[in-house]
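*Asks:* I'd like to ask you about the structure that follows.
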Ligand code: HEC
Ligand code: HEC
Ligand code: HEC
Ligand code: HEC
Ligand code: HEC
């Protein structure tokens, strides 16, 4: 019951937020298909992105429904504000679901919404404001279109634009639920690299120019921002059949981190040192939906015959990551201090060991070398990513109905030689060379002395 009182306040806080914009109808916004006529390439990049399905995303819809049920509707406009901004601005939510939603509102975070934003009231919880003057705001100060007015907007070129939504906090307790903007702001990239540089250019981990035309009927430009908005989601992009976005998400994950491995034998134990470095993400690794995302190290060791002698970080029979694995994640807590994935219940952050931008983490593992094992031992390490745990998906869709693939972001290999114990065997060439040289020197010295 304790959770209910703050939830009443959510409704009040958010009602105030959505009324700022005044009377808005969804027909004030053009469908993306209209923009497609002259911005075909940008449309194709956006279509199939997580933004394009922010409201129809089956994972979102399930969780929104659960939140609404458990709070008696108090989270309806709160959740929908970032997932269907047009739907909320136009007052089509509540109810949640598609009942009252116009076609344009179902298009999630779309062209005309983003390019009608003219300012924000700050960072987080959907702090956007829109202007209905028909003027499209963007990065050019010399842009002319036969269809719409154009205006330069410095705001659109900055991370603060993305930070309106990529920063989610509980509207009453203020506990951070998603903090991608702050993670970026407090990290080393905020001086040099905006979200747009990594997420709206082919560079992935840095700005890279993409020369071409922003519109088939416009001039050649030195750089046109791409609109794939790819993160780490290779699950839903796959479910909706967006192969390009799915492949790009996998590639992006593989550019984010490196893994180095050292293996050695100490008495009867193998010692393994693994170094993970966040080389490419401008925020923590992982970021975003932190109550669900999983990032962990898997280690496997096999003997010369291929027999497994050590394995940590594999999946158990329920599809859960083995509890001994080193996992990088944030765990949110409810009023009783128990871990929860239901963000509306969140009253504290229990732990957060995610990897900061450019940070390196060193992890040590060791295991006993079994007697009479045939060497050398091969050790393989992997850095794995999964969009959600099986438990999270089971809770939303029922047991085993949806399975998130495990994506290997980085890998490394090493060997543990079992060979000779110290002191055994033939002296090396270097030792012989030094011995012979010493003898020659001694002989020459003796001759001189004579
Ligand atoms: C009839 C063709 C046409 C249609 C339809 C059209 N645009 Fe444009 N738009 C253009 C042209 C041409 C430019 C100029 C491109 C340039 O300057 O490189 C442009 C420029 C832009 C810019 C850049 C503005 C700036 O100053 O940086 C944005 C943003 C934009 N359009 C958004 C949209 C959106 C959103 C829609 C759909 C609601 C849309 N456009 C529909 C032709 C069109
Ligand atoms: C999440 C918000 C968002 C959505 C959705 C979005 N855009 Fe953009 N768009 C931007 C931002 C931000 C920039 C400028 C990036 C910068 O300058 O750093 C931009 C740039 C542009 C430009 C200028 C040329 C370029 O690409 O640099 C055009 C034209 C444009 N967008 C059209 C569209 C169209 C058409 C759609 C829908 C198919 C669309 N946008 C969807 C945020 C968005
Ligand atoms: C109106 C709110 C809003 C704005 C503004 C916005 N986003 Fe998003 N973004 C979302 C939501 C909501 C999702 C998740 C949709 C889903 O998963 O169903 C998302 C998803 C994404 C993803 C995909 C994440 C993944 O897991 O694959 C990326 C990348 C992204 N946004 C980047 C950006 C960038 C860069 C900007 C600024 C140019 C931006 N967004 C602006 C709300 C927004
Ligand atoms: C230096 C490049 C870089 C910058 C700057 C950057 N990102 Fe990312 N982003 C990445 C990479 C690489 C990944 C894939 C690894 C991961 O999931 O964290 C990613 C992943 C994401 C995801 C998906 C996370 C998940 O696992 O669900 C979101 C959402 C996102 N970024 C949003 C943003 C926003 C918003 C900003 C600005 C505040 C931003 N990014 C700045 C490189 C960058
Ligand atoms: C301030 C804006 C904002 C609010 C409010 C918000 N979200 Fe989101 N949501 C996002 C962003 C941004 C992402 C993308 C992060 C990522 O990909 O990791 C996202 C992603 C998600 C996802 C992941 C979808 C997927 O396919 O992986 C779910 C589920 C979700 N939100 C549910 C909710 C629910 C339920 C609520 C209300 C209790 C809510 N959101 C409120 C911005 C918001």
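*Asks:* Give the relative contact order (percent, whole number) for the chain; include only Cα pairs under 8 Å separated by 6+ residues.
*Replies:* 13 percent
*Asks:* Is the C-alpha gyration tensor of the chain telling us rounded, prolate or oblate? Criteria: a/c under 1.5 is rounded; beyond that, a/b larger than b/c is prolate, otherwise oblate.
*Replies:* Because a/c hits 1.5 or more and a/b exceeds b/c, the chain counts as prolate.
*Asks:* Please list, in order, the residues from the stretch 220-257 whose amide nitrogen is less than 16 Å from a point placed 7 Å along the Cα→Cβ vector of residue 315.
*Replies:* Hits in the stretch 220-257 for residue 315 at 16 Å: 234-236, 238-239.
*Asks:* If r is the Cβ-Cβ distance from residue 185 to residue 302 and R0 is 51 Å, what FRET efficiency results, to the nearest 0.05?
*Replies:* It comes to 0.70.
*Asks:* Here's something else I'd like to know. Treat the count of other C-beta atoms within 10 Å as a stand-in for reagent exposure and order 39, 51 from fewest to most.
*Replies:* Ascending number of Cβ neighbours within 10 Å: 51, 39.
*Asks:* Can you grab the distance from the C-alpha centre of the stretch 342-406 to the C-alpha centre of the stretch 307-341, Å, no decimals?
*Replies:* If we compute the Cα centre of each part, the gap is 6 Å.
*Asks:* In nm, give the distance between the simple-model label positions of residue 145 and residue 264, each being 7 Å from the Cα along the Cα-to-Cβ direction.
*Replies:* Placing both labels 7 Å beyond Cα along the Cβ direction yields 6.2 nm.
*Asks:* Also, I was wondering about something else. If R0 is 51 Å, what FRET efficiency do you get for residue 217 and residue 322 from their C-beta distance, rounded to 0.05?
*Replies:* 0.35
*Asks:* Taking the Cα centroid of the stretch 146-200 and of the stretch 240-283, what is the distance between the two, rounded to the nearest whole Å?
*Replies:* 26 Å
*Asks:* Would you kindly state how much longer the chain becomes between residue 121 and residue 349 on full extension, computed as 0.36 nm times their sequence separation minus their alpha carbon distance, in nm to one decimal?
*Replies:* Computed gain between residue 121 and residue 349 is 79.5 nm.
*Asks:* Using 1/(1 + (r/R0)^6) with R0 = 22 angstrom and r between the beta carbons of residue 65 and residue 103, what's the FRET efficiency to the nearest 0.05?
*Replies:* 0.55
*Asks:* Let me ask you something else. Per DSSP H run of n ≥ 4, the term is -39500 (n - 2.57); total these for the chain, divide by its residue number, and report the mean residue ellipticity at 222 nm rounded to 500 deg cm²/dmol.
*Replies:* About -7500 deg cm²/dmol.
*Asks:* Residue 342 label point, 7 Å along Cα→Cβ, cut-off 20 Å on backbone N: hits in the stretch 265-296?
*Replies:* From the stretch 265-296, the list is 289-293.
*Asks:* Ok, one more. What is the fewest-to-most order of 151, 248 by other Cβ atoms lying within 10 Å of their Cβ?
*Replies:* Going from least to most buried by this count: 151, 248.
The numbers here are math on the coordinates, done by the rules we state, and not lab data. Everything quoted here is computed from the prediction, not taken from an experiment. Backbone-built Cβ (ideal geometry, glycine too); neighbour counts: all protein chains shown.
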